[in-house]
Amino acid sequence: MPLVTVTLFLPLAGALAVMALRRAPGAVAHGVAVCTSALTLAGALWMWSRGVADTGFTQIEEVQWMPAIGAAYRVGVDGISLPLVLLTAVLFLLTFVFSAGVRERPHTYVVLMLLLETASIGTFTALDAILFYVFFEVSLVSMYFMIAGWGHEDRQRAALMFFIYTLLGSLPLLLAILGLYLGADPHGFDMRAWIDQPPLAGGAAMLALVAMLFTFAVKTPVFPFHTWLPAAHVQAPAAGSVILAGVMLKFGTYGLVRFALQMTPAAFHEAGLVVLAFGVVSALYGAFAALAQNDLKRLVAYTSVNHMGYVVVAVAIAALTLDPALRAVALDGAVLQMVSHGLVTGALFFLVGMLQDRAHTRDMDRFGGLLAVVPLLGWAFVLSAFASLGLPGLAHFPAEFQIFLATLRVEPVAVVVILGIVVTAGLYLKAIRTVFLGEPGDAWRGMADLSLREKLTLAPLLALIVAVGVAPSWVLDVIHRTTATLGLG
């Protein structure tokens with residue numbers, strides 16, 4: 001059974017079904033979306049049960065596509081991509097559960113989200129560079145229409161900024177792909193061949209690396225290429241923010257590992273200190289920028305810049321070190337941080353969306369005392385906030401601990417990123433005190449606590465945040481099978 005392909009295209013099949021049922025009630029469209037995404041999650045779990053190989057890719061499926069230029073439909077997974085596929089499937093299912101109440105153009109909404117799910121899984125499973133680029137670009141179109149169609153007051157501007165930044169940012173990647181193609185012998189777009197035998201060297205490899213770094217810096221995003229992110233998050237609907245932060249930002253860091261690190265390792269080793277500096281600045285900038293926010297959603301958005309900065313630091317450490325064991329520690333932390341960030345930030349954006357639906361504001365200064373009024377929502381936010389600030393026993397701690405351990409052993413100066421954790425702790429404690437503690441205002445005394453649909457959305461995420469924090473080995477074992485044997489050139 002072509003399990004990867006079936007899992008990849010199940011959401012697309014669901015989208016086609018919803019289009020065929022466009023005259024049916026909106027509840028039918030949402031029902032199809034939930035069922036389709038549940039089957040996709042079942043496929044991802046089946047892929048997880050099959051496991052990954054000790055070296056290279058596994059569960060590979062390949063069909064000739066454009067043989068004259070060496071392009072083919074090639075998909076597969078390894079210990080780096082498989083956790084991200086599972087994360088994607090989980091977040092999309094919970095997003096569809098949360099979005100069941102959408103009444104504005106529900107069919108179009110569901111079709112775009114299902115198309116985005118296929119594009120996201122395809123980005124993580126593609127083993128052909130052209131196929132990767134196609135999925136990478138399709139995701140931009142889907143998210144653009146999500147923000148523009150179902151966002152908030154300034155959604156058109158935010159959607160346009162998101163699209164222009166990310167589209168222009170992806171063009172250098174296409175040039176890098178063409179350069180790798182021309183350097184390969186024989187010519188082809190098989191990413192496995194480019195990883196096993198990097199096709200470029202010297203100045204050509206450095207040019208390709210710079211192009212890839214630009215693309216993935218915009219997508220991650222890394223300071224100063226992050227300016228599209230706060231506007232996109234603030235204006236996007238809650239479900240869009242969850243997918244943007246939980247899944248799509250990972251395209252950037254996944255690309256750093258899959259393309260920059262594995263396909264131009266020598267050039268990345270030379271440029272590693274520069275990339276490390278960008279990662280450190282991003283981590284610190286994101287934390288301090290979040291501290292200055294009164295808009296709760298913008299605060300969570302800037303913490304994404306902070307946490308993704310840690311991932312960039314880890315990838316740079318992996319490029320700089322010549323010790324395979326230390327490289328594995330750094331990459332284990334990087335990939336686990338991608339997974340934990342998706343879970344934690346996904347929960348936070350869901351909670352901010354639930355709060356905004358009730359209060360019609362995100363201004364923290366207008367709140368107060370909500371823990372007494374909506375205790376389930378309040379305690380869920382407290383748990384997610386503690387996870388985001390790196391509390392031991394929750395998802396971020398095992399990832400960040402490995403990243404900082406690798407940093408100490410390679411470039412001790414980068415340990416200043418620990419300051420980001422201190423600032424993050426301060427900003428979330430301030431948010432909890434301002435929004436949830438104290439005496440509730442009269443305007444909020446009648447606020448409803450979590451509904452059944454919202455509980456079903458949050459409970460799995462909170463459980464996974466604790467599970468990854470308490471027993472990370474069930475994820476790390478899969479990641480480490482690839483990182484422990486990762487050959488760079």
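The values are calculated or read from the model by the stated rules, or taken from the named source; none is laboratory data. Values in this document were obtained by computation on a predicted structure and should not be read as measured data. Backbone-built Cβ (ideal geometry, glycine too); neighbour counts: all protein chains shown.
Does L182 satisfy the condition of being in contact (Cβ under 8 Å) with a residue 24 or more places away in the chain, over 20 Å from L112 (Cβ atoms) and either crowded, with 16+ Cβ neighbours inside 10 Å or over 26 Å from the mean Cα position of the chain (by Cα) (or both)? Criteria not met by L182. Got at least one residue in the stretch 305-319 being under 21 Å from F136 (Cβ atoms), in contact with a Lys or Arg (Cβ under 9 Å, 6 or more places away or on another chain) and crowded, with 23+ Cβ neighbours inside 10 Å? Yes - at least one qualifying residue is present in the stretch 305-319. Among the residues of the stretch 336-368, the ones that are outside any helix (DSSP H, G or I) and either surrounded by 17 or more Cβ atoms within 10 Å (Cβ to Cβ) or in contact (Cβ under 8 Å) with a residue 24 or more places away in the chain (or both) come to 4 in all. The one condition from (1) over 21 Å from the mean Cα position of the chain (by Cα); (2) more than 24 Å from P106 (Cα to Cα); (3) surrounded by 21 or more Cβ atoms within 10 Å (Cβ to Cβ); (4) hydrophobic (A, V, I, L, M, F, W, C) that V77 does not meet is (1).
Yes or no, residue by residue, for (1) of a type in the set (D, E); (2) over 30 Å from I195 (Cα atoms); (3) in a helix (DSSP H, G or I):
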residue	(1), (2), (3)
G31	no, yes, yes
G43	no, no, yes
W46	no, no, yes
T55	no, no, no
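Applying the criterion of being among the acidic types (D, E) and not in a loop (DSSP other than H, G, I, E, B) to the residues of the stretch 441-462, the residue that is farthest from the chain's Cα centre (by Cα) is D442. Considering only residues in the stretch 387-436 that are of a type in the set (A, V, I, L, M, F, W, C) and in a loop (DSSP other than H, G, I, E, B), the one that is surrounded by the most Cβ atoms within 10 Å (Cβ to Cβ) turns out to be A395. Consider the stretch 371-386. How many of its residues are surrounded by fewer than 24 Cβ atoms within 10 Å (Cβ to Cβ) and either touching a Gly at 6+ places or on another chain (Cβ under 9 Å) or of a type in the set (F, W, Y) (or both)? Counting residues in the stretch 371-386 that are surrounded by fewer than 24 Cβ atoms within 10 Å (Cβ to Cβ) and either touching a Gly at 6+ places or on another chain (Cβ under 9 Å) or of a type in the set (F, W, Y) (or both) gives 5.
I'd like the residue in the stretch 64-74 that is out of contact with any strand residue (DSSP E or B) (no Cβ under 9 Å at 6 or more places or on another chain) and of a type outside the set (V, I, T) and, out of all such residues, is surrounded by the fewest Cβ atoms within 10 Å (Cβ to Cβ). For the stretch 64-74, the residue satisfying everything is A68.
Would you pick out the residues in the stretch 160-174 that are among the small types (G, A, S) and in contact with a Leu (Cβ under 9 Å, 6 or more places away or on another chain)? Spell out the reasoning first.
From the stretch 160-174, those among the small types (G, A, S) are 169-170; that's our starting set.
Matches in the stretch 160-174: S170 only.
Yes/no per residue for (1) hydrophobic (A, V, I, L, M, F, W, C); (2) surrounded by fewer than 23 Cβ atoms within 10 Å (Cβ to Cβ); (3) within 18 Å of the chain's Cα centre (by Cα):
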site: W194; (1), (2), (3): yes, no, no
site: P198; (1), (2), (3): no, yes, no
site: G203; (1), (2), (3): no, yes, no
site: M206; (1), (2), (3): yes, yes, no
site: A211; (1), (2), (3): yes, yes, no
site: T215; (1), (2), (3): no, no, yes
site: W228; (1), (2), (3): yes, yes, yes
site: A236; (1), (2), (3): yes, no, yes
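Do you know which of the residues in the stretch 28-63 that are touching a Lys or Arg at 6+ places or on another chain (Cβ under 6 Å) and farther than 23 Å from V90 by Cβ is surrounded by the most Cβ atoms within 10 Å (Cβ to Cβ)? Here the answer is E62. Checking each residue of the stretch 435-455 against the condition of being touching a Pro at 6+ places or on another chain (Cβ under 8 Å), of a type outside the set (F, W, Y) and touching a residue at least 12 places away in the same chain (Cβ under 8 Å) gives at least one match.
Right, F349: among the hydrophobic types (A, V, I, L, M, F, W, C), under 30 Å from L405 (Cβ atoms) and out of contact with any Leu (no Cβ under 7 Å at 6 or more places or on another chain) or not? So F349 passes the test.
Of all residues in the stretch 251-310, those that are outside any helix (DSSP H, G or I) and either under 17 Å from W228 (Cβ atoms) or in contact with a strand residue (DSSP E or B) (Cβ under 8 Å, 6 or more places away or on another chain) (or both) total 3.
Among the listed residues G56, G26, G51, G14, which satisfies the condition of being in contact (Cβ under 8 Å) with a residue 60 or more places away in the chain and within 28 Å of L178 (Cβ to Cβ)? Break it down into steps so the answer makes sense when it comes.
Numbers: G26 fails: within 28 Å of L178 (Cβ to Cβ); G51 fails: within 28 Å of L178 (Cβ to Cβ); G14 fails: within 28 Å of L178 (Cβ to Cβ).
Exactly one residue qualifies, and that residue is G56.
Based on what the data block shows, is P25 farther than 30 Å from R453 by Cα and either surrounded by fewer than 22 Cβ atoms within 10 Å (Cβ to Cβ) or basic (K, R) (or both)? So P25 fails the test. There is no residue in the stretch 238-252 that is β-branched (V, I, T), surrounded by fewer than 23 Cβ atoms within 10 Å (Cβ to Cβ), on the phi < 0 side of the Ramachandran plot and modelled with pLDDT of 90 or more. Taking residues in the stretch 402-417 that are farther than 18 Å from L389 by Cβ and without any contact (Cβ under 8 Å) to a residue 60 or more places away in the chain, and partners anywhere that are of a type in the set (G, A, S) and part of a helix (DSSP H, G or I), the pairs with Cβ atoms closer than 9 Å and at least 6 places apart or on different chains are L408/A414.
On the given criteria, is M1 touching a helix residue (DSSP H, G or I) at 6+ places or on another chain (Cβ under 7 Å) and either assigned to a strand (DSSP E or B) or modelled with pLDDT under 95 (or both)? If you could, list the steps in order and put the result at the bottom.
Numbers: touching a helix residue (DSSP H, G or I) at 6+ places or on another chain (Cβ under 7 Å): no; either assigned to a strand (DSSP E or B) or modelled with pLDDT under 95 (or both): yes.
No.
The set of residues from the stretch 468-487 being of a type in the set (F, W, Y) and in contact (Cβ under 8 Å) with a residue 40 or more places away in the chain is empty.
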